Amino acid sequence: MDSSIDLKAIGNRIQERRKELNISQEQLAEQCDLSISYISLVENGHANISLVSFAKIVQILNFSYDELILGIDPQDEITDDLRNIIEDTSEKERALYLHILQTLKEELRSFD
């Protein structure tokens, strides 16, 4: 099962939100206690971001973890429905649900 995280998509979401908030890379770096070059690498999907750095960026840019990692608006009804379905499942079951959804998505897109 491919459980890789799309660093490029995460970086794009970080960059888009930073720009929406009119925050420069320099300002974000300073607020997160990171270097400007590291912020640039993250935004371009070229850095494996640490959990601590990730948490700082989430807080500064006012993201939810779901929104940043998956690109899902936490207020979205679909997100709530999915959360309700998986809230009482084990990690193994959640991983299986994710794999099934990813496979289904790929199959549906192959028909286009």
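Throughout, read-outs are computed from the coordinates displayed, never taken from laboratory work. Predicted model only: the values in this text are computed from it and were never measured. Because the Cβ atoms are built from the backbone with ideal geometry, glycine has one as well, and the counts that use them run over all protein chains shown.
At 0.36 nm per residue, and after removing the present C-alpha to C-alpha distance, how many nm does the segment from LEU101 to ILE85 gain when stretched out fully?
Full extension of this stretch gives 4.5 nm more.
For the chain, the Cβ-based charge dipole about the Cα centre amounts to some 420 debye (Lys, Arg positive; Asp, Glu negative; other atoms uncharged). Among the listed values (1) 29, 16, 14; (2) 20, 16, 14; (3) 25, 14, 12, the one matching semi-axes √(5λ) of the Cα gyration tensor in Å as calculated from this structure is (1). Using the Cβ-Cβ distance between SER37 and ASN62 with R0 = 35 Å, the FRET efficiency computed as 1/(1 + (r/R0)^6) comes to roughly 0.90.
A DSSP coil position with no more than 16 other Cβ atoms inside 10 Å describes the following GluC sites (Glu not before Pro) in region 1-101: GLU87.
Projected label points at LEU51 and ILE5, each 7 Å from Cα along the beta carbon direction, are separated by 1.0 nanometres. Measuring nothing but how far apart in sequence close Cα pairs (under 8 Å, 6+ apart) lie, relative to its length, the chain scores a relative contact order of 25 percent. If the chain linking ILE78 and LYS92 were pulled fully straight, counting 0.36 nm for each residue of separation and taking away their Cα-Cα distance, it would gain 2.9 nm.
A crude spin-label estimate for the pair GLN27 and ARG109, with each label 7 Å from Cα along the Cβ direction, gives 3.4 nm.
The H on the amide N of SER35, modeled in the peptide plane, is under 5 Å from the matching H of no residue at least 5 residues off or on a different chain.
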